[in-house]
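What follows is a short report on a single structure.
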Amino acid sequence: MDVKIEESWKRVLGPEFEKKYFVDLTDFVRTAYRAGTCFPPAKLIFNAFNRTPFDKVKVVILGQDPYHEPGQAQGLAFYVPPEIRTPPSLVNIAKELAEDGGGLETRDGRQGVPDLLSWTDQGVLLLNATLTVAAHRAGSHQGRGWETFTDAVVRALATEREHLVFILWGSYAQKKGAFIDRNRHCVICSAHPSPLSAYRGFFGSKPFSKANAYLASNGIEPIKW
C-alpha cells in the first residue's frame, strides 16, 4: 500500500502498511472522510511524521485524540494554529513551561504560548494515539486500528533508537509507553495537562528541564522550548 509519509518513516513502518488492520483502517478513514467532516485535513494526517523524521526524533510527546472542532487539528498532538483559541491543555503546558527553566524560548505569536512547530523542527514528535476524528465527536475514530499503528511507532523508536525522551502525560499515555526500556531511554510521567488533572501532578513536574538535562547528559543538543 502506498502511504504518503516521510521516507525514513516509510522505511521503518513499511511492514505495518501491508497488514490487514492497516488496510481496514485505511478503508475506514477514506469512507469517513467522504461521508462527513473529519479532522485533521486529510493531507495533515501524517503531519507529525513529515515534520519530524524518524532519525531526527529526540523527544516524543504522546497525546490521545485529535481536536475535533474546525481549524484546530493539524496532525500534531496539542498544537493548534495561532489564530485558533488556545485549548486549555496547551494553556497549562505553557504555564508549566514558563515555570520550568525560567521562561519560553520560542513563541508562536500568542502571549505566552510556545511555538510547537519549532519543537517539531528540533526533533520533538507530537504524536497522537489516534490520528483522525469526526467533527464534534471526540474519540469517534478510536478502536479502528490507529492505536495499533501508533503502538508500532513507539515500539520502533524504543527499539531502534537510543537515548530518546518519552513524555507521557496521563494514564493513557503511560499505559501506551509501559514497555519502553528505561535503561535505554528517559521516560517522564506525570498527570495530564488538562484542567481536570493539571493540579494533580502536572504542574511542578518540570518535564522540559528534565528532558533537556537527559539529552545534554548524553551529548545531544537540548530543545529550545
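So the values come out like this:
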| read-out | value |
| --- | --- |
| 5 angstrom amide H check on VAL133, placed H, neighbours 5+ away | PHE39 |
| Theoretical FRET efficiency, 1/(1+(r/R0)^6), r = Cβ-Cβ of ASN183 and LYS20, R0 45 Å, to 0.05 | 0.85 |
| Viscosity 1.002 mPa s, 20 °C: Kirkwood-radius Stokes-Einstein D of the range 175-218 over Cα pairs, µm²/s | 182 |
| Solvent-accessible area of ILE188 with every protein chain in place, 1.4 Å probe, in Å² to the nearest 10 | 10 |
| All-pairs Cα distance distribution in the range 73-199, expressed in whole percent, bin size 10 Å | 11, 39, 39, 11, 0 |
| Zone of GLU7's modelled label, taken as backbone nitrogen in the range 36-72 under 18 Å from a point 7 Å along Cα→Cβ | 49-57 |
| Sites LYS95 and SER217 - FRET efficiency at Förster radius 35 Å, r taken between beta-carbons, to 0.05 | 0.85 |
| Cα-Cα pairs of the range 1-125 separated by more than 22 Å (percent) | 42 |
| Qualifying GluC sites (Glu not before Pro) for the range 48-106 [loop in DSSP, other Cβ within 10 Å: at most 16] | GLU83, GLU105 |
| The chain: calculated mean residue ellipticity at 222 nm from DSSP helix runs of at least 4, using -39500 (n - 2.57) | -11000 deg cm²/dmol |
| Calculated from backbone phi, Karplus (6.51, -1.76, 1.60) coupling profile of the range 13-29 in Hz, x at Gly/Pro | 9, x, x, 5, 5, 9, 6, 4, 4, 6, 4, 5, 4, 4, 4, 4, 5 |
| Charged-residue dipole, Cβ positions (Lys, Arg, Asp, Glu), the chain about Cα centre, Debye nearest 20 | 300 |
| Per-residue ³J(HN,Hα) for the range 127-132, Karplus 6.51 cos²θ - 1.76 cosθ + 1.60, θ = phi - 60°, Hz, x for Gly and Pro | 9, 8, 5, 10, 9, 9 |
| Spin-label pair GLU105/ASP151, simplified geometry with 7 Å Cα→Cβ offset, distance in nm | 3.6 |
| Distance (nanometres) between label positions extended 7 Å along Cα→Cβ at LYS56 and ARG34 | 3.4 |
| For the chain, alpha-carbon Rg over 2.2 N^0.38 Å | 0.97 |
| Segment GLN142-ALA42, length gained on full extension (0.36 nm per residue, minus Cα span) | 34.3 nm |
| Quotient of C-alpha Rg and 2.2 N^0.38 Å, computed over the range 146-211 | 1.15 |
| J(HN,Hα) series, the range 41-51, from Karplus relation 6.51 cos²θ - 1.76 cosθ + 1.60, nearest Hz, glycine and proline x | x, 3, 5, 10, 4, 9, 4, 4, 6, 6, 7 |
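The values are calculated or read from the model by the stated rules, or taken from the named source; none is laboratory data. What you are looking at is a predicted structure, and each value in this text was computed from that prediction instead of being measured. When we count neighbours, we look across all protein chains shown, and the Cβ atoms used for this are built from the backbone with ideal geometry, even at glycine. Ligands, DNA and RNA are stripped out before the accessible areas are found, and what is left, the full protein with its side chains, is counted by its heavy atoms. Shrake-Rupley method; radii C 1.70, N 1.55, O 1.52, S 1.80 Å.
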